[in-house]
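The values are calculated or read from the model by the stated rules, or taken from the named source; none is laboratory data. Remember, predicted model here, so these are calculated numbers, not experimental data. Positions of Cβ are generated from backbone atoms using ideal geometry, with glycine treated the same way; all protein chains shown enter the neighbour counts.
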Amino acid sequence: MRSLRCLVQPLSIVALCLWTATPTFAQPAGYLPATVTQALKNAKIPESAIAVVVQNTTGTTPYVAINADRPMNPASLMKLLTTYAALDLLGPSYTWTTEVWINGALKNGVLDGDLVLKGSGDPKLTFEQFWLLLRQVRELGVREIRGDLVLDRSLFEIAAANAENDKIIDDQPLRPYNVGPDALLLNFKTLRIRLIGDTVKNTLDSLIEPQPTNLDIINLIKPTGGDCGNWKESLRADLSQHGDRLILSGNYPTVCGRNIWNLGVLTHPKYVDGVFRQLWQELGGTINGALREAPAPIEARLLASIESPTLAEVVHDTNKYSNNVMARQLFLTLAAAKGSRPARTADAEAVLRTWLAQKDMHFPELQLENGSGLSRHERIAAASLARLLVSAWKSPLMPEFIASLPLAGVDGTMKKRLRQNGLAGQAHIKTGSLEGVKAIAGYVLDHNGNWQTVVFIVNHPNAAAAQDAQDALLQWVYERSG
């Protein structure tokens, strides 16, 4: 039991425990290709810190199984469970609808009352979509709002959502991956800063969108010479104690050309309020009232609405770009769609476990927290992930699911990997990474035309150096005969 106790400790301890404790689970026979073994040796990662499963998608027995039943932190591979379940339970054509309600008389362009924005948990209500929604409101006759802007975030449990937003995975609170879920998630709660360097003029243009009216943005970024390198490391963003002033500073090498720097700012309600007032003013509207949070009143009337992209499109973006907040929105939507109002993470976990049981997939080691893998506590075994992938392969939803996984050497988080040696475009692979975690899982079309399922998880302090070993395994699977 010593190893089991280790597995529920913080990640920095888990990584150590995984390679010092004696495995509790019996492992099937298996072996690693020499290229993988050597790459692990070069990275100073022991075999006891990894879990690997490789099997044919039509088979039942893996031909590589290393520590296959051991609970591991999968990082973003947990999105495979959340997105497959969402496709199966909700259907690929499922959509979310964000609504605008009015509570008061509307006459001659004047709303003598409140405007209510009601969230449905839409994972992809973008800045552009929000503009279209508010444009509808203007076209339907509203020019002046004499009451308040009221936000209805009640679909997800607000206290729990606020607590989730207070928890971040590291000491980088403005990084977009740390944005938490919300029933009225707008534009991933981020600023998109477009940096445009000109090497001839040695100038830098910065375009920031959106520009919330309640956030004072001071841009002190300077153009500089030198190599591009990791340009983000030369930039700094500091938010004031009260969260109403953002100072951007640092140097940006003009040779980097065009890049986008995303930052997660403000609380969810303040972000929606600031962006609403920015766009409403640009559309020629005025509002006199303040910001309030409350459910839409019974006497309110529906004025306008906008529908999200389909679930299939949302799953595509969630997996291709490993978007954490979109996965967390999906996780809570599973609960809301089953009637849990307000939706809680415990409700979503219950839905997922029931679904797994109905699929005859029993994962006793599974530990869930938010369904995205952005967690120090979530656990799943490589063998369980392999079973999940085989189940998805046999499902009628297989085309939608597989199309959502990054294509090696082509797009998503695999765009820059495996561009040579014939493997580019031949593998659909979900990636995952945290400090101390490096993981891949998906499907490889080998050179004989057979589809293979691959899972490779590393939990170790040197996990960041495991990419060569994982790429070597994918290459071996692609080239393997027999």
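Some observations on this one:
- If you go through the stretch 409-454 and keep only what is surrounded by 16 or more Cβ atoms within 10 Å (Cβ to Cβ) and either among the acidic types (Asp, Glu) or not assigned by TED's automatic domain parsing to the domain that holds residue 73 (or both), you end up with just 446.
- Residues of the stretch 176-202 that are surrounded by fewer than 17 Cβ atoms within 10 Å (Cβ to Cβ) and modelled with pLDDT under 95: 198, 199, 200, 201, 202.
- Matching residues, the stretch 228-250, being exposed (fewer than 13 other Cβ atoms within 10 Å of the Cβ) and part of a loop (DSSP other than H, G, I, E, B): 229, 230, 240, 241, 242
- In the stretch 96-126, the residues that are surrounded by 17 or more Cβ atoms within 10 Å (Cβ to Cβ) and either small (Gly, Ala, Ser) or over 14 Å from residue 295 (Cα atoms) (or both): 96, 104, 106, 111, 113, 119, 120, 121, 122, 123, 124, 125
- Residue 325 being surrounded by fewer than 20 Cβ atoms within 10 Å (Cβ to Cβ), touching a strand residue (DSSP E or B) at 6+ places or on another chain (Cβ under 9 Å) and touching a residue at least 24 places away in the same chain (Cβ under 8 Å): no
- Within the stretch 251-298, the set of residues being over 18 Å from residue 183 (Cβ atoms), in a loop (DSSP other than H, G, I, E, B), modelled with pLDDT of 95 or more and of a type in the set (A, V, I, L, M, F, W, C) comprises 283, 290, 298.
- Taken together, the residues in the stretch 408-423 that are modelled with pLDDT under 95 and of a type in the set (A, V, I, L, M, F, W, C) amount to 2.
- Members of the stretch 209-257 found to be touching a Lys or Arg at 6+ places or on another chain (Cβ under 6 Å) and farther than 23 Å from residue 281 by Cβ, listed by number: 249, 250, 251
- Every condition in (1) surrounded by fewer than 20 Cβ atoms within 10 Å (Cβ to Cβ); (2) of a type in the set (A, V, I, L, M, F, W, C); (3) in contact (Cβ under 8 Å) with a residue 60 or more places away in the chain; (4) farther than 20 Å from residue 125 by Cα is met by residue 255 except one, and the failing one is (3).
- No other residue among 335, 350 is at pLDDT 95 or above, buried (at least 20 other Cβ atoms within 10 Å of the Cβ) and of a type in the set (Gly, Ala, Ser) apart from 335.
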